[in-house]
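Here the structure comes first, spelled out in structure tokens, and everything after it is commentary.
The values are calculated or read from the model by the stated rules, or taken from the named source; none is laboratory data. Just so it is clear, the structure is predicted and the values come from calculations on it, not from any experiment. FYI the Cβ positions are ideal-geometry reconstructions off the backbone, even for glycines, and counts take in every protein chain you see. Calculation scope for accessible area: heavy atoms of the full protein, side chains included, ligands and nucleic acids excluded. Shrake-Rupley method; radii C 1.70, N 1.55, O 1.52, S 1.80 Å.
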Amino acid sequence: MSSAESSWSPGEIPNELITALEECENPLVLTHIYPDGDALGSAIAIHRLLKSSGKNPRTILTHPVPEKLAFIDHDGEAEVLTENPQLNPEDLVDAADLVVVVDTSAPDRLGLMEPAVTSSDVPRICIDHHLEGAYEYFSAIWCEPGSPATGNLIFEVFQRMGIELDRDTAESLFVALATDTGWFRHSNAGFKAYEYAARLVQLGVEADPVYNRIFQSFSHERTLSLGDLLSQSVLSEDGKILHSVFTEEIRSRRGVSMEELDGFVDSLGQVKGAEIVFLVVEIGPMRYKVSLRSHGDFSVHAIATRFGGGGHAKAAGCRLEGTEVEVVSRLLDACRDLLGESATDPATDRA
Ligand code: 5GP
Ligand code: MN
């Protein structure tokens, strides 16, 4: 674990960000495409904060959330753009006097909402913990790349604004924090992550049923397709690189949805000695979504950004186009470059 991550403490929240939250009337809350636990938990919590301050917030997701996470939107506040033809990105942005983006600071990660947000004069603010913050895109931004999740930054915003957290909001934020840290196992879970968790449990969150809902509730089809994925995994570079490909053929044969694939890369990466793990998921003809994980000191963020993606040092992602063989070969080349750089650079040689 890097000491920078383990010793992270929150910095100052910009005053302009708090003022914008206080002064808006019709805020529009957005997060990244294919929302995960941190994205949804953070969006729902800031939605509740705004609502309890007398505002009329709307929260728009570009894609549905994985079924197992839907419970953290206790009151069903989030609306899904791709599920409701009545929703129009331009109209949504026009009706807002503030756009609040959480858990991403990369405009292209707003997906179908991005063109409407970018071409509008409505001020936009951001709360995030990713490395590739587009600082100039926002009128105020609080981005803490050392933070375990965005959810705990939202917790800080509640504290700063003197707004009480109810049990449901605490549960949404707990899920945000717990899922982004792999249930407090990953290196981004420094002492602060445990401190936030303790405070959320004090507010009434019960960790055990939350764990069961998220991690012990998979379909048998998902387990069978995970078996396919694991049995086809490939080790290379003396066991330092581990990868596998989840094809559309496996997905349709097993009858699993894209949302159910969440967590596959973690199951794949349980092999001793594998320092870089990547999972390639076919999302369309010649189109692939890539999840990268580092189990050593290498930054897989460097690989993701090489292909226009991003994320964190230990967990990053990107999209690639081409045949399966081409895509895997480009990724393996990038991994080898990273391993090679380390071998020739005495400063990072860990042998
Ligand atoms: P996952 O592999 O779980 O989908 O993503 C790991 C991390 O990388 C997350 O923080 C996610 O936001 C980020 N990430 C995944 N795909 C992309 C991408 O295509 N672009 C960027 N900028 N970040 C990504
Ligand atoms: Mn996050």
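Keeping every protein chain present and rolling a 1.4 Å probe, give me the accessible area per residue for segment 220-344 in Å².
With all protein chains present, segment 220-344 gives 46 Å² per residue.
Per-residue SASA remark: V325, around 120 Å² accessible (1.4 Å probe; ligands, DNA and RNA not included). Between the helical axis of 191-202 and the longest alpha-carbon principal axis of the chain there is an angle of about 50 degrees. Any idea what angle helix 37-52 forms with the longest principal axis of the chain, computed on alpha-carbon atoms, 0 to 90 degrees, nearest 10? In the chain, helix 37-52 runs at an angle near 0 degrees to the longest axis. For segment 17-99, the share of accessible area belonging to carbon and sulfur comes to 43 percent (1.4 Å probe, ligands and nucleic acids excluded). Taking the Cα atoms only, what angle lies between the long axis of helix 220-231 and the longest principal axis of the chain, rounded to 10 degrees? Tilt of helix 220-231: around 40 degrees. Cross-link pairs exceeding 27 Å between alpha carbons, from the set K192/K240; K51/K289; K68/K289; K55/K289; K289/K314; K240/K289: K192/K240; K51/K289; K55/K289. Using θ = phi - 60° in the Karplus curve 6.51 cos²θ - 1.76 cosθ + 1.60, the 3J(HN,Hα) couplings for segment 169-175 round to 5, 4, 5, 4, 6, 4, 5 Hz; x is entered for Gly and Pro. Between P107, P115, P64, the Gaussian network model of the chain with springs among Cα atoms under 10 angstrom shows the greatest mean-square fluctuation at P115. Over the chain, dividing the summed -39,500 (n - 2.57) contributions of all DSSP H runs of at least 4 residues by the number of residues returns a 222 nm mean residue ellipticity of -11500 deg cm²/dmol. Calculate what fraction, in whole %, of the accessible area of segment 150-235 sits on carbon and sulfur atoms when a 1.4 Å probe is rolled over the protein chains. Answer for segment 150-235: carbon and sulfur cover 50 percent of the accessible area. Considering the dipole of the chain built from charges on the beta carbon (Lys and Arg +1, Asp and Glu -1) around the Cα centre, which of I72, I303, Q86 is farthest to its positive end? The listed residue farthest towards the positive side: I303.
In the chain, inverting the average of 1/r over every pair of distinct C-alpha atoms gives 20.9 Å as the Kirkwood radius.
Magnitude of the charge dipole for the chain, about its Cα centre and with charges confined to Cβ atoms of Lys, Arg (+1) and Asp, Glu (-1), is about 860 debye.
Please work out the average accessible area per residue across segment 3-214, using the 1.4 Å probe convention, and give it in Å².
Details: 8510 Å² over 212 residues.
That works out to 40 Å² for each residue.
Post the alpha-carbon centroid distance, segment 65-144 to segment 241-281, in whole angstrom. Between the Cα centres of segment 65-144 and segment 241-281 lies a distance of 28 Å. Rolling a 1.4 Å probe over the protein chains gives K314 an accessible area of about 50 Å². With a Förster radius of 45 Å applied to the beta-carbon distance between S329 and E67, the computed FRET efficiency rounds to 0.80.
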